[in-house]
1. Could you pull out the residue among T97, T180, T175, T111 that is of a type in the set (V, I, T), out of contact with any Asp or Glu (no Cβ under 9 Å at 6 or more places or on another chain) and in contact (Cβ under 8 Å) with a residue 12 or more places away in the chain?
2. Going by the structure shown, is R177 modelled with pLDDT under 95, surrounded by fewer than 16 Cβ atoms within 10 Å (Cβ to Cβ) and within 20 Å of L19 (Cβ to Cβ)?
3. Quick one: L104 ticks every box in (1) surrounded by fewer than 21 Cβ atoms within 10 Å (Cβ to Cβ); (2) modelled with pLDDT of 95 or more; (3) not in a helix (DSSP H, G or I) bar one, so which box is it?
4. State yes or no: is G71 within 27 Å of Q61 (Cβ to Cβ) and in contact with a Cys (Cβ under 9 Å, 6 or more places away or on another chain)?
5. Only one of F25, F10, F55 is at pLDDT below 95, surrounded by 12 or more Cβ atoms within 10 Å (Cβ to Cβ) and among the hydrophobic types (A, V, I, L, M, F, W, C); which?
6. Only one of these is closer than 15 Å to F60 by Cα, touching a residue at least 60 places away in the same chain (Cβ under 8 Å) and surrounded by 15 or more Cβ atoms within 10 Å (Cβ to Cβ): L134, L118. Name it.
7. With the condition kept exactly as written, say whether any residue in region 32-39 is modelled with pLDDT of 85 or more, within 14 Å of L93 (Cα to Cα) and surrounded by fewer than 11 Cβ atoms within 10 Å (Cβ to Cβ).
Amino acid sequence: MPRKILDFLFNALAVKEFLIFTGTFFVLTAFAMLTTDSFVRPEGCAGLITLELAFTKPAFQSMISECGAEGVRSHLILIWIDYLFIIAYTGFLGNLTGSLVKGLERGRALTYFSLPILAGALDVTENFLLQSQLSDPDNLNGLIIFAASTAAAVKFLLIIATIAIIVYYLFQAVTKRTKTA
């Protein structure tokens, strides 16, 4: 990611005062995803995360066959809502990470800050690839399914790494505050 864009995003998002907004948006979109999922996905149809991590054409095909046309439609609806969720979790994790690492050396802080942004970019890529397959389930492409699943797996790893960094620096902040009190 170009350094100027990353610097701009870091300066815009690494602000503690935005945590309530980004956290609330994250919780609301997560709630929207879960609620919509419970209303639109048919009983016995694989969840979106399971579908994201299919990796192979036969596994993907089996899941959407079990879901039927109604299940495919529900996944397409959930993917559109997921685009909002991507903005929400990227913003919240970026905001929280940036706020915690703001005092670090700039290059290191930007590296940590870029992890949720990269996860969001991979998530958008994955959604686009999944939509292409779900829109035409009779012509599935194993390479596209593998690419979508790989993007999803790396996305989840980046999110886990971001959460680990957040926990570490939250612990550091609490420890520092306890020592000064």
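The values are calculated or read from the model by the stated rules, or taken from the named source; none is laboratory data. Here the structure is a predicted model, which is why all the values come from computation and not from measurement. All Cβ positions, glycine included, derive from the backbone under ideal geometry; neighbour counts span all protein chains shown.
1. Details: T180 fails: in contact (Cβ under 8 Å) with a residue 12 or more places away in the chain; T175 fails: in contact (Cβ under 8 Å) with a residue 12 or more places away in the chain; T111 fails: in contact (Cβ under 8 Å) with a residue 12 or more places away in the chain.
After applying the criteria, what remains is T97.
2. On the way: modelled with pLDDT under 95: yes; surrounded by fewer than 16 Cβ atoms within 10 Å (Cβ to Cβ): yes; within 20 Å of L19 (Cβ to Cβ): yes.
For R177, the condition - modelled with pLDDT under 95, surrounded by fewer than 16 Cβ atoms within 10 Å (Cβ to Cβ) and within 20 Å of L19 (Cβ to Cβ) - is met.
3. (2)
4. On the way: within 27 Å of Q61 (Cβ to Cβ): yes; in contact with a Cys (Cβ under 9 Å, 6 or more places away or on another chain): yes.
Answer is yes for this residue.
5. Details: F25 fails: at pLDDT below 95; F55 fails: at pLDDT below 95.
Exactly one residue qualifies, and that residue is F10.
6. On the way: L118 fails: closer than 15 Å to F60 by Cα.
Within the list L134, L118, the selection yields L134.
7. Within region 32-39, not a single residue is modelled with pLDDT of 85 or more, within 14 Å of L93 (Cα to Cα) and surrounded by fewer than 11 Cβ atoms within 10 Å (Cβ to Cβ).
For every residue, the table says whether it meets (1) out of contact with any His (no Cβ under 9 Å at 6 or more places or on another chain); (2) closer than 20 Å to E17 by Cβ; (3) not β-branched (V, I, T).
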position	(1), (2), (3)
T50	yes, no, no
I64	no, no, no
L78	yes, no, yes
F85	yes, no, yes
S99	yes, yes, yes
R106	yes, no, yes
L115	yes, no, yes
